[in-house]
1. Helix-only mean residue ellipticity at 222 nm, chain C, DSSP H runs n ≥ 4 weighted -39,500 (n - 2.57), per residue, nearest 500. What is it?
2. Roughly how many whole Å is it from the C-alpha centroid of segment D:116-187 to that of segment C:680-706?
3. What Kirkwood Rh does chain C have if only Cα atoms enter the pairwise 1/r average? Answer in Å.
4. Taking both sides together, what accessible area is buried at the B/A interface, probe 1.4 Å, expressed in Å² and rounded to the nearest 100?
5. So, in Å, what gap is there between the alpha-carbon centers of segment B:272-350 and segment C:382-461?
6. Among B:I213, B:I31, B:I336, whose mean-square fluctuation peaks in a Gaussian network model of chain B (Cα, cutoff 10 Å)?
7. Taking the Cα centre of segment B:131-276 as the origin, how large is its charge dipole in debye, to the nearest 20, when only Lys and Arg (+1) and Asp and Glu (-1) carry charge on their Cβ atoms?
8. Of the cross-linked pairs A:K139/B:K220; C:K176/C:K483; C:K164/C:K460; C:K478/C:K505; A:K164/D:K33, which ones have a Cα-Cα span greater than 28 Å in the structure shown?
Amino acid sequence: MYEAIAFYLFSALTIGLFLITVMSKNVLYAMTSLAAGMVLISGFFFILGADFLGVVQLIVYVGAVMALYSFAMMFFDATRDIKEKNTPAALVFLLGGLSALVLVLIFAGPIHSDAIQALYPMHEGVGNAQDVGIVLFTKYLVPFEVAAVMLLVAMIAGIILAGKKMDQSLTKDTSVDDADEILKQKDAK
Amino acid sequence: MEVVSYRSVETFVQHIPEVTALGVWIKAIIILAVISAIAGFGTYVERKVLAFMQRRLGPMHVGPYGLLQIIADGIKLFTKEDIVPQNANKFIFMVAPVITAATAFIALAAVPVFPDFTIPEWIPVIGGTFVPSIAADLNIGILFVLGMMAAGLYGPLLAGMAQANKWGLIGAARTAVQFLSYEVVTGLSILAPIMIVGSLSFVDFNAAQAGGIANWLVWKQPVAFVLFLIAGFAETNRTPFDLLEHEAEVVSGYATEYSGMRWGMFFIGEYANMITISVIAAVVFLGGYSADGMGWLWIMLKIAFFFMLMLWVRAAWPHVRPDQLMWLCWKVLMPIAVINVVITGIVMMV
Amino acid sequence: MSEVKTVENMVSITIDGTTYQAKEGEYILNAARANDVFIPAICYLTRCSPTLACRLCLVEADGKQVYACNAKVKDGMEITVDTPNILEERRAIMEVYDVNHPLQCGVCDKSGECELQNYTLELAVDSQSYAIQDTKREVKNWSTVLHYDAALCIVCERCTTVCKDMIGDAAISTTKRGGEPLDKAYKETMPKDAYAMWNKLQKSIIAPSNGTDYTNCSDCGECTAVCPVGALTGRDFVYSSNAWELERVPATCAHCSSGCQIYYEKKHTSVFDRSEKIYRVTNEWNYVSLCGAGRYGYDFENRVESKDEAAFNAAVEAFKKAETIRFNSVITNEEALMLQTLKEKMGVKLVNPDARAFQKFLDAYAKAAGQSLYSYDFKEVMATDFVISVGASLRNDNPNARYAFNNIQKMNKGAGLYFHPVGDTLVPTFGKNVELFTHKVGLEEAALYLVLDLFADKEKLPEDVKSYLDSFKTTATKTVKEKVMKNVTETVIDEETGEEKQVTKKVPEMVEKEVTVEKNALVEMLGKESDAFDATFEKMMKKKESFSMIVGEDLYFHDRYENIAKLIALIEQTTPIRVAMIPPKTNSLGVALICDLDDEATGYTVGYNENGNFRLSALGNGDLDMPAMNQQEGTLTNMHKRVTPTNAALEYNGYELNDLMKVLVGAPDLTVDWTEKLPVSKGFKTAKFDDLPNGYLNDGTENRGYALENLSCEAEAINVEKIGENSVLEGEIVYRCNPQRQFNDFTDKAHEIFEGFGLYASPAKAEALGKKVEIDFGDRSITVDVIEDDRMEGDITALADFKSEADVYSLFGPSRYRKVTIRKV
Amino acid sequence: MGLEQFKNRNVGQQEYVMLDLEHTPQSPIGKFKQVVKRTFKPELFVGLGVTMREMINALFRGQMHTIKYPFEKLPISPRYRAIHEMLRLLESGHYRCIGCGLCEKICISNCITMDTRYDENQRKEVSEYTINFGRCIFCGYCAEVCPELAIVHGQRYETASEQRASFSLFEDMLTPIDKLNLQQEYDGFGAVTPNADENIKKTPLAY
């Protein structure tokens, strides 16, 4: 019963929050609702007993991704409304609605009565993290490693891009010369 | 009464009574009430300890030895005018401190606070209820706490962005940078003990270190312990890493425009986080608690030690610069943590 | 307007290597001051005779040491201000002045503006070489206003000099101090002048000249103004404020028509009452002398806290239904112009008896003389050496006229004729060449005919006047006694040696002689013996070059004023005499020029400081408050024919006349915006109030406001009539005349002026009248106190008119003299 | 320090202790080394030790520094310049102020005003004297300029008030006549020098 209540509550809230994200013209509202929606999505994981994924969702999306988003948002004036240019509005609505419909059909299509079944059911008595680990490091090992390599590539690229001027220090101590003088005097003594 | 399902009963060493929803409720209330009170009391202790270390007296006038100062402060905070700046985003501005306090307390749900006990039978209604030490004993407890503390970064962040104040914005930027960076160190430093124990549950950690000081993880993972402590200081925004609200540079950072109880919620959140970090450090590295005898006193003392350490450091050490902070994180602490994890892994494999 | 410096009377002198221009015959000190060259001097007063008391002004002129205050400039004179010897003398003099001078600068009223302090610093006196035992000198109050601290006095004699040469009272003089004689050793060691100065200083002190402890004078306080140290101060001011705390507001005195330049000095009342208060009035004493009213009659302000709207609305209503506005001449030109505007736009009548009389007289004079105003101002009068006063009670009507009369006698070795029905004991003391004619009331025409007879160029006189004058002449033989000197030889014994000596002495002897004398019936008519006057007049006329005549209020209120005005014009045409007139009240001249005045008030009357159905009052006793003269800005036209600005010294929060004007006919923002609208056709200029200066230049040039233009108009032929015998009054006569220091309700309000309202009489008459009398004017009567005035003589009594409440003006009607019945009460 | 030493300010030759000045490391490795060095040197723990030692000193060895101010007060220097006092003449008890107005004139914050008048003894009497302490900046000019040493700065420094206590009146500042024996002579600027008697010159007052 608790799960049912929690599920519907979370669903309503999540949809509402994401609606705000899409509709709001205010950066701050959009960002906040997006982050809050992410938190609620982790709630679904908890309800499903996938604690590990829930926490990962929290840490990765809420704690890291969204935080970086908001860090970027600080370069804008968060208190001002964004001017949107949705022309032609009808076309945007139509295309957006169609894509949403297609997505719903793709995901909701298989869900009719008991047609959907878990391939890898949870092991009783084993921690949730272990379950994820087992799947990741057995069946999905190759995609996992590919993803890891891709991330590594991205990281290296990022470091190279950001590190072009790393030899120039903003905080370089220019008083070194003076310190040299003093040290010399000290040595002379 | 439905059984709370997310418990790995198997991990408990000895038989314990069944945890009921009522017990969880009671625990939640206890945490809320007591930790709030302790957070308030923490301000008093902090002022006193800092004063003593500077050979001052600290608060003396309200109540005996200034003990009632917390109440006076509370009354002050509650009755003070709640000011919202004109250009601020009102809703976000008002919500931000709530996020800080809420996440701090949510994190506490997965942390063992006080040993478990059974309420005596003669008390009506709730008599005989078993109150667990952890409100929600998730098997990924440590990860949950870290995740919640990561979510807690939204408090200062949104506060700083919503208040239309340059100091607030800089404070918010510093929040994002500092919390994000040090989360990595926290995670990596705690990864090595997790590898050793093989679980993310506090209960397992506790069990793994049972049987005396020699079994404490701090001996096996001293580097991780130090890294975790340093990162913990940064995560709780304590000296020498309290750059988010560094008065000399950014007035009061994200809290610049806050007043009254909204400011007070930031404060409570900060102190709750301090307690959380102290508890984690005590449970993960210093042997945790034992259910028998004076166990509850020991865990209290351990937590108190970490709490005290934070005050002590504040009294003794200066701030670091923001660039030093980042440098320390990414170029010193993180490599060490990674190396520590690698070495731990090699040792375990061999 | 500054006097034109013509090239002829200028000489060039050299002071310390720089060449300057100076007026011929001027003292070196004055020439230096006029050219902004500093020569130290304490005792010298610009318009008075040098006293040589301080000897600081020692300079070297053409190689000789002379006193700059006493030596006249010569063409090409080389003057050195400082030589080592002179500096030594000056320093010694200043040291001597500092001997025994009490070290109480801390409490002294003069501290901060003290010339002793200034010169001690200027001459860098930092040590004292001389000493003598001090004499006890008491603090005294000489009169109701004068406070003398003898210990502080340095006996520079400025006070006595100004009292004698300018004021004419000569009420104070130096007297013996009874100090220790100087140590003989000083005679050798000290510089000569310093020793002589000290010797004199040690012996003298200032005291009332009548030998009592109290002065008998007009209480003008000019001696306190000129005192360089804190010795002489106003009693009320003593220890009440320091000089530097007071803020000076330049203004024009509004009590009489002299319109003297004054400074109101004000500061907050006390620690608890922060409202401003006037503490004293000061003046540029080198260039202008004040009377007692100007100096002590300063606290007549009308303190109004706020605007009384109800009263204002009532006033607007009153003005709307008014038929007449009655006012007096204690108003500014701007206000007069406002009232004139009301007359033009609303058709009200303007009634002002004193200005009306003066206006009519001036019109008659203008028609006859061909110029809109009289010829001389009183500064020019002061420069002449023969002065005649007709129809003015010199002592009471106008202090500046009196000072001019006196100053001519003292400074120009001048002579004076004073024609007036009321006897006066002060005027004869002004100089030995002053002749007093105490004539019968109404014989002013005879006085003017006499002046014509004495001074006129007979060729220029019309035939009828000539023959009329000749008709008074008769010849007669008379036995006179003459003094002849005879030589007498005596034998006397020398007391010291015991020898006998033959001494020859000249001894006067009276010899009787018969002479033929010309008798002038005019002189007899005016109450003098004709032949005796002829002799004195001959003496008076010696070495006289310039002549002036002062004309007073009696003539304007004379019932034959038209004839008199013609006679005056005739005098100006046929004699070298130039005339200056005394306007009866403060701004009578301005009002007379600006307003079209009416003779009689009718219907509903609004009174401005006067009685009326609705009364505007600056005295605080009316239906609507108005600002007093020390609370408003504006200009006044004074008897020197100048339009001078005055400033507000104190705050005024109520309504002013301009506010009424705004509602009634529309008006500019400020009262002083009217200044530039004053009628140019009457001689005024289009000048903005803020552009008008108010001060004096270093050479004494009056730099205040602007001078009225004396417009020429078409002159009619002068047909003078014979002396009107009908206007002669005999019997019990009362004269409308204020006591000294009282001019109007405002002077009466001032707390330091004590002259009361009443009937002033000579001592003998006062004794005869008793304490209180009822004066019956026929239709009305008034009961007043009798006040003794020991400077009056004769039976004519003077009834004060300064209280507008008593309505003395209407009692007298169109005349200044009235035959009355006086009953003791 | 003697005057000679005081004037000898040649820094290079003094026995100064040089602080531990090292080159700021430039290379990342150098910086890393510095961190490690500093981490394992007890520097940080010395700081902790000091604060702990001071706490123990304060708590257990009675070395607490705090003065419980409203209940305990420190003695202040006799030359401290706090609220003004008007002094009296020691011999007669008459107040020293002669009402010369110099303090009023010199006051740079314009807070002194006084009323004076001519009294029955032909002296200048100060009838009222006020200092507006809301404006006074305690610069001390008034005391310095006073020719009679009548106004001096006293020891009362508690100027806070619930009201804007704008005035202090003559009686408030004047030494009470019964406290005359307690009157402290001001020995600051302008006070009589110890050898004043020797410096007196012969003046006419010698008579």
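The values are calculated or read from the model by the stated rules, or taken from the named source; none is laboratory data. The structure displayed is predicted, hence computed values, not measured ones. Reconstructed Cβ throughout: ideal geometry from the backbone, glycine too, with neighbour counts over all protein chains shown. Each accessible area value is taken on the protein alone, full model and side chains, heavy atoms only, with ligands, DNA and RNA left out. Shrake-Rupley method; radii C 1.70, N 1.55, O 1.52, S 1.80 Å.
1. -7000 deg cm²/dmol
2. Cα centroid of segment D:116-187 versus Cα centroid of segment C:680-706: 49 Å apart.
3. Numbers: mean 1/r = 0.0343 Å⁻¹.
Kirkwood hydrodynamic radius for chain C: 29.1 Å.
4. 2600
5. Segment B:272-350 and segment C:382-461 have Cα centres separated by 117 Å.
6. Answer for the Gaussian network model of chain B: B:I213.
7. Its charge dipole is roughly 120 debye.
8. Too far apart for the 28 Å limit: A:K139/B:K220; C:K176/C:K483; C:K164/C:K460; C:K478/C:K505.
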